[in-house]
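Q: Can you keep this structure in mind? I'll have questions shortly.
Derivation of every value follows stated rules applied to the coordinates shown; laboratory data play no part. None of the values given here were measured: they were computed from a predicted structure. Using ideal geometry, Cβ is built from the backbone for each residue, glycine included, and neighbour counts are taken over all protein chains shown.
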Amino acid sequence: SNVPGIFMVGSLSGRPLIKACMNEGFEVIEYILGNTPTPADEPMLREILGTLKGSVGEIIERIRTTIPLFESLTPIQLREFLVDSKVHLMKAGDIVFRQNDFTDTFYSILDGEVEVLLSQDDKRANPHLGRGEFFGEISLLSGRRRSATVRCARDTVLIETSRMAMQRLRKSFPQVSRVLDT
């Protein structure tokens, strides 16, 4: 806490799981002993975040401030969420998924741009989505096949999240659900 000598672990800090609370307790004791503790999830998050530049904390803050869907999450909540995600560094022209694929993951754009390729019968221009936006919510919500092909318009950093993790996030955070529904 911001009060000298008072330390909090567990659900007070937003982490209801016993495993997380035990890890926090260890970190608090290390801190009291004068050591600089490394969070237990740090190596796993470093692996998930791959070659993105910066410390895990800096990257998490960048994700939180770049993608409006996640801005209402605390850094601890976002860390837990990212454990169930994958980060993809994709090149211009790479296909993220194809129309009629039966996949149900959700994608957030940390950097770059994708083009949504609508069916050939559709005469509208292909929409582009950029930094901070997301796609894949229709398959996420409905469980149906992909309605379009998505291709990277330029080099792009995507965060791919499982349907289960997104559903859990929607149920736990009404702000996230509102952004998705909007």
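Q: What does the extension gain come out to for E137 and T66, with contour length at 0.36 nm per residue minus their alpha carbon separation? Don't skip to the end; give the middle numbers.
A: Details: separation 71, 0.36 × 71 = 25.56 nm, distance 1.84 nm.
Answer, rounded to one decimal: 23.7 nm.
Q: Net charge near M90: determine it from the other residues with C-beta under 10 Å of the C-beta of M90, scoring Lys and Arg +1 and Asp and Glu -1. It would help to have the intermediate numbers written out before the result.
A: Working: positive: K91, R151, R154; negative: D94, D155.
Taking every other residue near M90 into account, the sum is +1.
Q: Apply the Karplus curve 6.51 cos²θ - 1.76 cosθ + 1.60, θ = phi - 60°, to the phi angles in the stretch 80-95 and return the couplings in whole Hz, x for Gly and Pro.
A: Working through the residues one at a time gives 4, 5, 5, 4, 9, 10, 10, 9, 10, 9, 10, 8, 4, x, 5, 8 Hz.
Q: Provide the convex hull volume over Cα atoms per residue for the stretch 30-182, in Å³. Present the calculation step by step, with values, prior to reporting the outcome.
A: Details: hull volume 17.8 nm³, N = 153.
Dividing the Cα hull volume of the stretch 30-182 by its residue count gives 117 Å³.
Q: Hey, another quick one. Based on the mean of other beta carbon atoms within 10 Å per residue, what is the order of 83-90, 44-51, most packed first?
A: Values: 83-90: 16.4, 44-51: 14.4.
Going by the mean number of other Cβ atoms within 10 Å, highest first, we get 83-90, 44-51.
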